[in-house]
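Remarks on the structure that follows.
Coordinate-derived values only; no laboratory data. Model, not experiment: these values are computed from the prediction. Here the Cβ positions follow ideal geometry from the backbone for every residue, glycine too, while neighbour counts run over all protein chains shown.
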Amino acid sequence: MASWILVPCLARLRSDFNAIAPSRDRASDGSVGDLAHQGTQSDHNPDETGNVPIRDADRVNEVHAIDIDADLRVPGLSMEAVVQFLLGRCRSGAEKRLRYIIYNRRIWEASNGWRQTRYTGGNPHDKHAHFSGSYNSSLEASTASWHLEDIPVALTAADKNWIRAEINKVDENVRTTARTNKEFLSDTEKDEIIDRTAAALRPEIQELSRRIEDLAALLRPSATA
């Protein structure tokens, strides 16, 4: 039996990563600290037997940090997107189970309102993201969803082509209806049907077009606060 356990809230976070990215690379995953961590104060050390910044109220030997490999292997989904999503929830108060996040030479901490600052530690954390969990007994024990499934995933080229094809089908249906009715209707009646049909379908076409633009915007580089 292991002499330590990962706090349940972070075990759930890791499980939620596995759910949204089942084929993700796990080479840089980690929990309990190696010898280098054991010689320093770290959330990767077990809190009853190791060098940790905080001692929680229980007597369970727990690790309060995990590393998740940055290669999620899901088209349109990046670790940066996941980190920013979690930061949004932390800043809004919807999520309180994290103490800080480190990723790609940056650190965000609950203690400073989740403001981004430069991380100058020896490991740049560009191959994985580090998540440190709360030492509060009720928060560390919570296995509620982290809602990673709500992260918007950018459309792939194949997705965009499918949506365009669906839009073209709608357009062709309008034209086919008009051609079919042509031999039974006067030109004026035909034009009225075309106008009514196009007007009814226009919001759907515009909504699909808007979604393409919105999701495409996620692929464009954006400045990080």
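Other residues with beta-carbon under 13 Å from the beta-carbon of Asp126 carry, at +1 per Lys or Arg and -1 per Asp or Glu, a net charge of -1.
Measure nothing but the geometry: give the 0 to 90° angle between the long axis through the Cα atoms of 187-217 and the longest principal axis through the Cα atoms of the chain, rounded to 10°. Compared with the principal axis, the helix lies near 20 degrees. Loop-resident chymotrypsin sites (Phe, Trp or Tyr not before Pro) (DSSP state other than H, G, I, E or B) in the stretch 1-99 with no more than 14 further Cβ atoms inside 10 Å of their Cβ are absent.
Considering only Gln41, Gln116, Gln206, the Gaussian network model of the chain with Cα springs below 10 Å gives its largest mean-square fluctuation to Gln206. Here is how the number arises for the chain: DSSP H runs of 4 or more residues each give -39500 (n - 2.57), the sum is divided by the residue count, and the result at 222 nm is -13500 deg cm²/dmol.
The C-alpha atoms of the chain define a longest principal axis, and helix 79-92 lies at about 80 degrees to it.
The C-alpha atoms of the chain define a longest principal axis, and helix 8-20 lies at about 30 degrees to it. Springs between Cα atoms under 10 Å define the GNM used for the chain, and in it the highest mean-square fluctuation of Val82, Val153, Val170 occurs at Val170.
Label separation (Ala27 vs Ser92): 3.5 nm, computed from points 7 Å beyond Cα along the C-beta direction. Working from label points 7 Å from Cα in the Cα-to-Cβ sense, the Arg202 to Arg106 distance is 4.1 nm. Note on the chain: with a GNM built from Cα contacts shorter than 10 Å, the maximum mean-square fluctuation among Ile193, Ile212, Ile68 falls on Ile193.
Per the Kirkwood formula on distinct C-alpha pairs, the Rh of the stretch 32-112 is how many angstrom? Provide the component values of the computation, followed by the final result.
Working: mean 1/r = 0.0694 Å⁻¹.
The answer is 14.4 Å.
Full extension of the chain between Glu48 and Arg118 yields a length gain of 22.2 nm, computed as 0.36 nm times the residue separation minus the alpha carbon distance.
Using 0.36 nm per residue, how much length does the chain from Asn136 to Glu189 gain when fully extended, once their Cα-Cα distance is taken away?
Values: separation 53, 0.36 × 53 = 19.08 nm, distance 7.14 nm.
Here the segment from Asn136 to Glu189 would lengthen by 11.9 nm.
Evaluate the relative contact order of the chain (contact order divided by residue number), counting alpha-carbon pairs under 8 angstrom at least 6 apart; express in whole percent. Provide the component values of the computation, followed by the final result.
Working: 314 pairs, mean separation 45.2, N = 225.
Answer for the chain is 20 percent.
Of (1) 20.4; (2) 18.6; (3) 16.8, which one was derived for mean projected area of the Cα convex hull in nm² from the structure shown? Checking each listed value against the structure points to (3).
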